[in-house]
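Here's the structure we're looking at; comments come further down.
The values are calculated or read from the model by the stated rules, or taken from the named source; none is laboratory data. Predicted, not measured: the structure shown is a model, and the values here were computed from it. Because the Cβ atoms are built from the backbone with ideal geometry, glycine has one as well, and the counts that use them run over all protein chains shown. Surface accessibility is based on the protein's heavy atoms, side chains included, excluding ligands, DNA and RNA. Shrake-Rupley method; radii C 1.70, N 1.55, O 1.52, S 1.80 Å.
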Amino acid sequence: MKKISSFLMMALLIVSCNEDVKLTFETQHIEKSSDAFIAINYPKAMGTKAVTEKINQQIEHVIANEMNMADTPENDISISQAVSQFDNEYKTFKQDFQDTNQQWEVDVEGKVLYESPEVISISLQSYIDTGGAHGNTRITYLNFNPETGALLEQNDIISNLTEFKKIAQKAFKEQTKPKDNDETIEDFFFGEEFQLPENIGFTKDGLLLLYNNYEIASYAQGVTKVVMAYDDIRGFLKVNP
């Protein structure tokens, strides 16, 4: 009986070890400058295949679609295809406007923003310039479950959104600087009430709310960031940072 029990314990230990998720990140680099200037650096998950495939697919999906100049459906384009398409679009642009000195540019910088046993936050900052008054910068935060590789949506991170928004609005008022004393929340949100941003990420200092250009106020306002200390919002978080 003791021998059987010992065997079962050993078998369970082996299975448990085999199921441990191993996850690290390596920087991937893509650079091309013969026609359009393209520089892409992003973290690629390495380790347990079932987990890393989900994470890498989401990261590459965001990068590729930031560059997607063609009519290719969003889910059907890879980074390499996006690079080729962007470059080809620039070649066509140069043929149509041969006197222009304008060079198109893509610059993507990705990094692991935060890691814990319950959440991994990835930051992707992209700058796209295809002419005009200025290029466009956009930051995207992706939050993942480290055990499964699943992308965490807002409802997976925050409970009781109504009450959480009240605390977030208070932090927003305290940390943003109005142009004048008469400026209201509605002035930031184009006449609407306070809204949470599309991008929420985890950092060592707290939960980061990030509003991209044009998401609130004007382009001149730039990126707006609000940090909420974990101790102030722990009761609203479904994941433990």
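A few points about this structure:
- A Cβ distance below 7 Å, combined with a sequence gap of six or more or placement on separate chains, defines the contacts here; from the stretch 99-128, residues that are in contact (Cβ under 8 Å) with a residue 60 or more places away in the chain and acidic (Asp, Glu) reach residues that are open to solvent by 40 Å² or more (accessible area, probe 1.4 Å) and assigned to a loop (DSSP other than H, G, I, E, B) in the pairs 118/240.
Per-residue answers, yes or no, for (1) farther than 13 Å from residue 200 by Cβ; (2) open to solvent by 10 Å² or more (accessible area, probe 1.4 Å); (3) over 21 Å from the mean Cα position of the chain (by Cα):
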{"site": "119", "(1), (2), (3)": "no, no, no"}
{"site": "131", "(1), (2), (3)": "yes, yes, yes"}
{"site": "135", "(1), (2), (3)": "yes, no, no"}
{"site": "138", "(1), (2), (3)": "yes, yes, no"}
{"site": "152", "(1), (2), (3)": "no, yes, no"}
{"site": "162", "(1), (2), (3)": "yes, yes, yes"}
{"site": "174", "(1), (2), (3)": "yes, yes, yes"}
{"site": "183", "(1), (2), (3)": "yes, yes, yes"}
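- Scan of the stretch 97-113 for residues that are crowded, with 19+ Cβ neighbours inside 10 Å and assigned to a strand (DSSP E or B), ordered by number: 106, 108, 110, 113
- Unmet criterion (only one of (1) in contact with a Lys or Arg (Cβ under 6 Å, 6 or more places away or on another chain); (2) under 16 Å from residue 230 (Cα atoms); (3) hydroxyl-bearing (Ser, Thr, Tyr)) for residue 203: (1)
- Qualifying residue in the stretch 44-58 (condition: under 27 Å from residue 209 (Cα atoms), open to solvent by 80 Å² or more (accessible area, probe 1.4 Å), of a type outside the set (Val, Ile, Thr) and in contact with a Leu (Cβ under 9 Å, 6 or more places away or on another chain)): yes
- Residues that are surrounded by fewer than 18 Cβ atoms within 10 Å (Cβ to Cβ) and within 16 Å of the chain's Cα centre (by Cα) were ranked within the stretch 195-211; the one that is modelled with the highest pLDDT is 203.
- Looking only at the stretch 14-38, and only at residues there that are at pLDDT below 50 and open to solvent by less than 100 Å² (accessible area, probe 1.4 Å), the one that is farthest from residue 51 (Cα to Cα): 14
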